[in-house]
1. Could you tell me how many degrees, from 0 to 90 and to the nearest 10, lie between the Cα long axis of helix 203-216 and the main elongation axis, the longest principal axis, of the Cα atoms of the chain?
2. Can you list residues from other chains, or at least 5 along the same chain, whose modelled amide H is less than 5 Å from the amide H of L261?
3. Please report the relative contact order for segment 188-279, taking Cα pairs under 8 Å with a sequence separation of at least 6, and give it as a percent rounded to a whole number.
4. Suppose a student asked you for the relative contact order of segment 1-124, using Cα pairs under 8 Å spaced at least 6 residues apart; what percent would you report?
5. Measure out, as a whole number of angstrom, how far apart the alpha-carbon centroids of segment 32-84 and segment 252-279 sit.
6. Spin-label point model (7 Å from Cα, Cβ direction): what's the Q226 to Q104 distance in nm?
7. Please give the FRET efficiency for D249 paired with L166, using the beta carbon to beta carbon distance and R0 = 22 Å, rounded to the nearest 0.05.
8. Distance between the C-alpha centers of segment 95-109 and segment 139-155? Whole Å please.
Amino acid sequence: MQTVQDAAALRAAIRGWRAQGQTVGLVPTMGNLHAGHYSLIKLAQSRVDRVVASVFVNPTQFGPNEDYARYPRTLAQDQAGLAEHGCDVLFAPDVAAVYPYGPQHTVSLHVPQITEVLEGAHRPGHFDGVATVVCKLFNLVQPDLAVFGQKDFQQLKVIERMVRDLALPVKVMAAPTQRAGDGLALSSRNQYLSEAERAAAPLIHQTLLQMRELIAKGHAWRVVEQAAASRLERAGFVPDYAAIRRAEDLGEPAEGEQKGLVALVAARLGATRLIDNLLFD
């Protein structure tokens with residue numbers, strides 16, 4: 001596996017593949033890779049000839065009181081894992097390579113409506129940073145395919161809308177959320193959990209399953225949301241939201257609507273903020 005840190009080296013590698021008529025996939029990550037990330041690599045490999053993974057902790061998607069400074073940076077470990085899983089190129093740029101005028105002076109993308117609810121309401125500007133960096137990566141790699149995990153469901157929907165609205169020639173593919181045996185969604189932030197918090201954390205997935213079950217039984221979605229938030233609070237979580245939305249656009253469902261829905265939860269457990277979701281269909 002080749003590791004490159006600048007656009008010229010990245011494009012040189014891709015140019016060689018293109019000359020041979022090979023297709024290219026991209027798996028964007030912020031590093032500190034785990035089995036969930038490697039499942040994205042595997043999925044991309046099943047669809048294209050060559051795979052580029054990016055490792056870049058993007059400063060523009062972190063708010064002023066979030067964990068950018070302490071976000072784990074494990075490049076050597078990530079290199080070894082990507083090589084073991086057959087990745088072709090690791091793109092590991094520094095901030096200047098992605099933001100030549102600095103993060104505060106970058107051209108910024110805003111995807112309206114879908115970014116203003118749920119995560120967007122609790123993390124203002126977060127999805128502007130996500131859309132901007134993903135668009136930059138698409139321009140740098142010019143992939144045929146890009147793979148994103150469903151655990152960050154709203155992020156996936158934002159990127160799908162950006163690609164369609166800007167007519168970018170990239171197919172966006174969703175990969176199923178990878179979970180531990182007890183149901184906890186795999187996440188780099190899980191390592192921040194204490195032993196007791198880790199034991200409690202699977203309640204998020206259990207709550208999502210219960211939300212789906214209650215909707216299937218005909219309960220009103222607002223009542224189901226309130227019950228889910230209360231269940232989490234009783235267990236020591238501090239929920240930002242426990243929501244049921246239309247999967248297509250994250251709008252509020254009609255009363256009695258049961259098809260095409262998704263349940264989403266964001267909650268703090270101690271100092272760690274966890275997110276998860278569950279598609280109903």
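1. The answer is roughly 70 degrees.
2. Counting only residues 5 or more places away or on other chains, the set is A247, F280, D281.
3. 32
4. Details: 149 pairs, mean separation 40.2, N = 124.
Computed over segment 1-124, the figure is 32 percent.
5. Their Cα centres are 24 Å away from one another.
6. Spacing of the two 7 Å Cα→Cβ label points: 4.6 nm.
7. Working: r = 17 Å, r/R0 = 0.79.
Computed FRET efficiency for D249 and L166 comes out at 0.80.
8. If you average the Cα positions of each part, the centres end up 20 Å apart.
Bear in mind these aren't lab numbers, they're just calculated from the coordinates by the rules spelled out. What you see is a predicted model; the values in this text were computed from it and never measured. Note that we place each Cβ from the backbone using ideal geometry, even for glycine, and neighbour counts take in every protein chain shown.
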